[in-house]
Each structure stands twice: as structure tokens, then as C-alpha cells.
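Colleague: Dropping a structure here in C-alpha cells format, bear with me for questions.
Quick note: the coordinates plus some simple rules give every number you see, no bench work behind them. Please read all numbers here as calculations on a predicted model, not as lab measurements.
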Amino acid sequence: MDSMFDRLGDLLSGTLEGNPIFEENDFLQRESVEYQAKKETEFEKIDSDKKISQTQRIKETAQNVQVNEFFVPYHLKSEFSLLGITTLKTTESEIKTAFKEKIKFFHPDKQKNIPVLQKIATDRTAQIVEAYKKIQDWLSSREVL
């Protein structure tokens, strides 16, 4: 009966010479390659299904939702920049979310303990609200025309 060290020596010498001792190793390697190929085809199928569903979803949302994009007018550029909108095109929903984010950030109630910061936040909030009102007035007059 061979000892564990004899078997280990045979394995090492066979590996160094490039001759595999066990045929089981080849079988396992072949099985592993086949398994990997099978998994890859399954993943490719799942990926293609995802791509199809994503493109269908994008088309459906584009058909259902009409995005009213418009160019930022030059005379209101400072108001848009005060809200943090720096792109040339925007939508009404982007304006609304930008307004809400700015109001949350500069709300005076967040600075109750420091009077100077509360004053600054109050002034900034008033500026943001005024800019939003100007933009809303422009949007409502644009829709009437």
C-alpha cells in the first residue's frame, strides 16, 4: 500500500513532466468546460431577453409620456442657474425637482441655532422662490400663446 507521500510524489512528478496521472482530472476539466459553455449560452439568452424588455419598456414610456422639453430663455438664465439648471434644454418636471432640492437645502429651519446662517438661508430661500415664480409665470404665458 502506497503512503500518502508516495502518491503526492507521483502527482508532482507527473505534473512536472506534463503527463496527467489521473484520467479523472481530464474528465472533470471537460465537464467543467461543457458546464461553462452551457452557462454562457443561458446568460446570453437572459441578456438578450433583458435587452428586448428594456427596449420595449423605453418605447412604451416614450409613447405614453410626452416630454415637453424646451430651451431655457436667455432673459431667465439667471433664474434657472439659481435653481441649479445649467443645461440648454429642460422640462417642467426637472424645474420642479430642482426647486424642491434647493428649498430643502437652503430652508431656514435647518439653521435654527445660528442666527447669521438663518438670515442667509432666509434670503436665499426668498431668492429661490422668486426665481421659481418668474419661471412659472413665463411657462404659463408660453402655454397660452
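Colleague: Amide H of THR90: which non-local residues (sequence gap of 5 or more, or other chain) have their own amide H closer than 5 Å, using H built in the peptide plane?
Modeller: It is PHE70, VAL72, by chain and number.
Colleague: Continuing with the same structure: By how many nm would the segment from LYS119 to THR87 lengthen if fully extended, with 0.36 nm per residue of separation less the alpha-carbon distance? Mind dumping the intermediate values first?
Modeller: Details: separation 32, 0.36 × 32 = 11.52 nm, distance 3.01 nm.
The span from LYS119 to THR87 would gain 8.5 nm if fully extended.
Colleague: Need the full-extension length gain, VAL129 to SER141, defined as separation in residues times 0.36 nm minus the C-alpha distance. One decimal, nm. Kindly include the intermediate steps, with their values, before the conclusion.
Modeller: Numbers: separation 12, 0.36 × 12 = 4.32 nm, distance 1.83 nm.
2.5 nm is the gain from fully extending VAL129 to SER141.
Colleague: How much length is gained if the chain between LYS77 and GLU101 is pulled fully straight, taking 0.36 nm per residue apart and subtracting their Cα-Cα distance, in nm to one decimal?
Modeller: Values: separation 24, 0.36 × 24 = 8.64 nm, distance 1.85 nm.
Using 0.36 nm per residue and subtracting the Cα-Cα distance, I get 6.8 nm.
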